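The values are calculated or read from the model by the stated rules, or taken from the named source; none is laboratory data. It should be emphasised that the depicted structure is a prediction, and the values quoted were computed from it without experimental measurement. Cβ placement follows ideal geometry from the backbone for every residue including glycine, while neighbour counts extend to all protein chains displayed.
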Amino acid sequence: MTRAAPSGLDRAACYRALQTRDARFDGRFFTAVTSTGIYCRPICPTKPPKLDNCLFLPSAAAAHQLGFRPCLRCRPETAPGLGGWRGTGATVSRGLRLIAEGALNGAGVEALADRLGVTDRHLRRLFDAHVGAGPMAVAQSQRLLLAKALLSDTALPLTDVALAAGFGSLRRFNDAFLKAYGRAPSALRRMQAAPGAGLRLRLPFAPPYDWPAMAAYLAARATPGVETASPDSYARTFRIGAATGVVRVAPDGDAALAVRVETTDVRVLGAIATRVRALFDLDADVGQITTSLAADPALAPLVAARPGLRAPGAWDGFDYAVRAILGQQVSVAAASTLAGRIAARFGAPRAGGAGLERLFPEPAALADATLEECGVLPARARAIRALAGAVARDPAVLSPETASQKTLEALTALPGIGPWTASMIALRALGDPDAFPAGDLVLRKAMGGLSAAALERASARWRPWRAYAAQHLWAVAG
């Protein structure tokens, strides 16, 4: 077993968190124990090891890369999606999302680096610095942890678990699992309680979490026929590649969401988990965001009143971008109605239950669509057609892997898309934590009637969390 290089984590602070099993540190680091060869979460119920036997690492992937096995008691696959890399490297963040969606399943690091616009050597250097492991180690770690979750929480056959987790074959899955856990997948499944029926994922997050605010946001903007939302749950139809299906999300206790999936291809489960995490902003470091924004007297009372407020993301960049254009100078309800008409007219049918009858149209379906017959104003229709044509030609225009500034420039070059719309797309579709639509009328009023230019200047003190500052201002205005 290789001993780790220093990770940059404070050993004394990590050990204190480990001794007290402080849940606030869950997901921020992992403890690899050299005497046992196992790595754990800070909240593991086992007796804390001696400090001399502990290596504190920023990610599960770093522990995997060093040859440590995941603990079967604290289940690292259920840790919140936080880590030492959060907020430190935009390229790393985009790379991790692509890996979670399967970018390295059948492709190499060079291809991933090309998509991110860097050299493979530089990408490896960034991952080593921020995650503590290389891209391939991260991919293998995520495959194993997803497979472990599927074995524990679903009744999927082992072959389907292997495919869903991104392994190319059952043999490779068995070999990797045996090496990581010291036992075959079938043996581990027999050790677990009887798995539940169907495809059910449990996605953890670090509390607090303002579920009522998130549910209200989604309910107000649900596209009829494509999405349904209530105070207790959210559901939508989806298409990922050739796969279609329905995903349903609901709270599961105070620190996780339960996700039920119906799909024509289990290989998209990793991508579904990634999209749900982005839509519900599960990976936000609320502690750091709260501390940063609360330092501003104007925001301190708002943050104190809503400590778990998140910045809702988007399931799909194109879906949201169309919705943002429809929302220009009309009410939220009117934009939802128009989006539903477009889905009913141009979207493919997909039986998914009451209110879930359509898939949102693909970009190619709207590039030449006569949207005016759905009640869309001509200027908005032209903007949507231009956007759809651009995304159909180059999907990277609205991909989270694209740098936010590059996306803003590409979007504002299209007819009918101004700075407000582009900033909203960056905030929701790209998950840019620093995106800020300074021209938004509600935000300007909430700050005492500032002009857009003045609000842009004032917002500099909220960086790099301006998206969350905007969410708090919208919440108090609402």
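Below is a table of values for the structure above.
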read-out: Qualifying positions in the range 327-339 - over 20 Å from TYR234 (Cβ atoms) and either touching a Gly at 6+ places or on another chain (Cβ under 7 Å) or in a helix (DSSP H, G or I) (or both); value: ALA334, LEU338
read-out: Residue that is surrounded by 14 or more Cβ atoms within 10 Å (Cβ to Cβ) and over 18 Å from the mean Cα position of the chain (by Cα), where the choices are ALA469, ALA426, ALA460; value: ALA469
read-out: Selected residue (criterion: nearest to ALA255 (Cα to Cα)) from residues of the range 300-312 that are modelled with pLDDT of 95 or more and not hydrophobic (A, V, I, L, M, F, W, C); value: ARG310
read-out: Residue within the range 24-33 that is at pLDDT 90 or above and farther than 24 Å from ASP283 by Cα present; value: yes
read-out: Enumeration of residues in the range 331-345 that are free of Cβ contacts under 8 Å to residues at least 24 places away in the same chain and within 16 Å of GLU372 (Cα to Cα); value: ALA334
read-out: Residue in the range 374-387 that is part of a loop (DSSP other than H, G, I, E, B) and either of a type in the set (Asp, Glu) or free of Cβ contacts under 8 Å to residues at least 24 places away in the same chain (or both) present; value: yes
read-out: Residue in the range 352-364 that is of a type outside the set (Ser, Thr, Tyr), touching a residue at least 24 places away in the same chain (Cβ under 8 Å) and either part of a helix (DSSP H, G or I) or outside the structural domain of SER423 (by TED's automatic domain parsing) (or both) present; value: yes
read-out: From the options ALA216, ALA193, ALA187, ALA206, residue that is modelled with pLDDT of 95 or more and either of a type outside the set (Phe, Trp, Tyr) or more than 19 Å from the chain's Cα centre (by Cα) (or both); value: ALA216
read-out: Tally of residues being in contact with a Leu (Cβ under 7 Å, 6 or more places away or on another chain), part of a loop (DSSP other than H, G, I, E, B), at pLDDT 90 or above and within 25 Å of ALA139 (Cβ to Cβ) across the range 35-77; value: 1
read-out: Filtered residue count, the range 245-277, keeping only those that are under 22 Å from ALA162 (Cβ atoms) and in a strand (DSSP E or B); value: 7
